[in-house]
1. Just one of Pro227, Pro199 is more than 15 Å from the chain's Cα centre (by Cα) and more than 25 Å from Pro42 (Cβ to Cβ); which is it?
2. Take segment 88-101 and flag every residue that is surrounded by fewer than 20 Cβ atoms within 10 Å (Cβ to Cβ) and in contact with a helix residue (DSSP H, G or I) (Cβ under 8 Å, 6 or more places away or on another chain).
3. Could you grab me the full set of residues in segment 26-51 that are under 16 Å from Asp85 (Cα atoms) and assigned to a helix (DSSP H, G or I)?
4. Please work out which one of (1) in a strand (DSSP E or B); (2) more than 16 Å from the chain's Cα centre (by Cα) is the condition Gln18 fails and give its number.
5. Pairs please, first residue from segment 118-143 and closer than 15 Å to Asn197 by Cβ, second anywhere and more than 14 Å from the ligand (Cβ to nearest atom), Cβ atoms under 6 Å, 6+ apart in sequence or on different chains.
6. Among the residues of segment 24-47, how many are over 26 Å from Phe140 (Cα atoms) and hydrophobic (A, V, I, L, M, F, W, C)?
7. What are the pairs with Cβ atoms under 6 angstrom where one residue, in segment 1-16, is closer than 17 Å to His226 by Cβ and modelled with pLDDT of 95 or more and the other, located anywhere, is of a type in the set (D, E, K, R) and surrounded by fewer than 19 Cβ atoms within 10 Å (Cβ to Cβ)? Sequence gap at least six, or different chains.
8. Could you go through segment 65-81 and let me know if any residue there is of a type in the set (Phe, Trp, Tyr) and farther than 16 Å from Gly131 by Cβ.
Amino acid sequence: MQVIVTKSYDESCQVVAQMFCELIRQKPDCKLGLATGGTPVPMYKKLIEANKAGEVDFSRVRTVNLDEYCGIPATHPQSYRYFMDENLFDHVNIDKANTYVANGLGDAAANAAALEQKVREGGAADLQLLGIGNNGHIAFNEAGDALVAEAHIEQLTESTINANARFFASREEVPTSAITMGMADILAAKKIVLMANGPAKADAIRGLIGDGRITTQNPSTLLKLHPDVVVVIEEELAKAAGWQG
Ligand code: F6R
């Protein structure tokens, strides 16, 4: 695992955006695994700027998102489809037919099977973007006694519901379950980049980069099984997580 410590969150976003741009230039029809949440928003802004500046062409890029809330339609402003359109897809020259965000409504088993099929279609993602939950979750694979390999429906923990309440009018409106890629889906990507910022992530990041232990109580630690993972954090978070370098 490679850990990149930057001077600022903005620099972290620059580093990750650069990785995406380089990949897309090298492989214009690459397959990207994308994430939502607050963390990648400024990184997506940089991709939009690069696209507008003619530095990167999304016309042949394919994407699959990690997860989607259950119980809200794609038209809901907090759905992850809406998020992706608003924060990236509507502002770059991507063909929306080449983008996939799971369906959170209707037959849950069928929706999970459809996500699993998209993960596999056309082979592994060339680059998978991840954020990390305060409890170490990646996608919506929540900390607990066991993890699930394939795409599935996950009940969100109190910690995750509380953390995501900031995006909704009230805590009661936060969906309590989500459809998510499983651990094997994430680990199947050829390369993984995880971004994190802010002190709330310090414990989760300590578990990820602090030692060699793997535990389902911090799902991100399973990334230690993958040969090509890059973790990008700013120095404040690195310090809070006890990173020695
Ligand atoms: C989002 C996702 C989640 C988030 C995590 C961190 O698609 O898969 O695992 O990456 O909850 O969220 P933020 O970035 O809002 O702190």
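The values are calculated or read from the model by the stated rules, or taken from the named source; none is laboratory data. Values in this document were obtained by computation on a predicted structure and should not be read as measured data. Cβ sites come from the backbone with ideal geometry, for glycine too, and all protein chains shown count toward neighbours.
1. So the residue among Pro227, Pro199 that is more than 15 Å from the chain's Cα centre (by Cα) and more than 25 Å from Pro42 (Cβ to Cβ) is Pro227.
2. His91, Val92, Asn93, Lys96, listed by residue number.
3. Residues satisfying the conditions are Val41, Pro42, Met43, Tyr44, Lys45, Lys46, Leu47, Ile48, Glu49, Asn51.
4. All conditions pass for Gln18, except number (1).
5. Matching pairs, first to second residue: none at all.
6. The qualifying residues number 1.
7. Every condition considered, no pair remains.
8. no
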